[in-house]
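Right, one structure below, let's go through it.
What follows draws every value from the coordinates through simple rules; no lab data is involved. Source: prediction; values computed, not measured. Glycine gets a Cβ as well: all are built from the backbone with ideal geometry, and neighbour counts include every protein chain shown.
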Amino acid sequence: MLGLGSFQNNSRSLTQLCFGIEISKNLGFKGKLEAYDPVFTFLDCQFLKELNIDFDLENSSDLYDAKQPVIFYMPHCPISMYETLFKKNWTLKRLCNIFLIGNSLKTYDLTMELAKKKKYPFVFKACLIFESILFSKAFEQPETFNDLAFQWCEEIVAEKFLV
């Protein structure tokens, strides 16, 4: 879980954390959950420790690794984090290992200016190959999950763009 923000006095961050935990439970995930945000406070880290969620404020580079299938839960993260994710994993196998719950890539494709497309080329390329299902807008706190989608990459589609 990347970029959740501080949980102190922030119901949106807490709701997003709870949703991430529920996703892992419903999928029968048996591994260790991990969370990272550079804004985590000491109290946030203590809270995560109580929930048995790993966090590493020193080494965030491994958090983007898709050597094996992984769900990247990145609600409302800055576009630069998505660029890092795609750039680090820009091979057919790794892209197909990414299951992303985060900002809708289709929205980026429709709204991104040419200058931003040049600054974030991997996000723009990912817009073309990732399938997506938008979240419903019917939430008590609509800003918590607005413009989020479940996104994945089909091998047959990615092959056309990676040659």
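Figures for the structure shown
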| item | result |
| --- | --- |
| Any pair with Cβ under 6 angstrom, 6 or more apart, that starts in the stretch 92-118 at a residue that is within 21 Å of Val157 (Cα to Cα) and ends at one that is assigned to a helix (DSSP H, G or I) and of a type in the set (Gly, Ala, Ser) | Leu92/Ala158; Leu95/Ala158; Leu105/Ala126 |
| Scope the stretch 73-83; condition in contact with a helix residue (DSSP H, G or I) (Cβ under 8 Å, 6 or more places away or on another chain), assigned to a helix (DSSP H, G or I) and buried (at least 18 other Cβ atoms within 10 Å of the Cβ); matching residues | Tyr82 |
| Qualifying positions in the stretch 30-70 - more than 17 Å from the chain's Cα centre (by Cα) and touching a residue at least 40 places away in the same chain (Cβ under 8 Å) | Phe47 |
| Any hit, the stretch 109-121, residues being hydrophobic (A, V, I, L, M, F, W, C), at negative phi and touching a Leu at 6+ places or on another chain (Cβ under 9 Å) | no |
| Considering residues of the stretch 1-16 that are outside any loop (DSSP other than H, G, I, E, B) and in contact (Cβ under 8 Å) with a residue 24 or more places away in the chain only, the residue farthest from the chain's Cα centre (by Cα) | Ser11 |
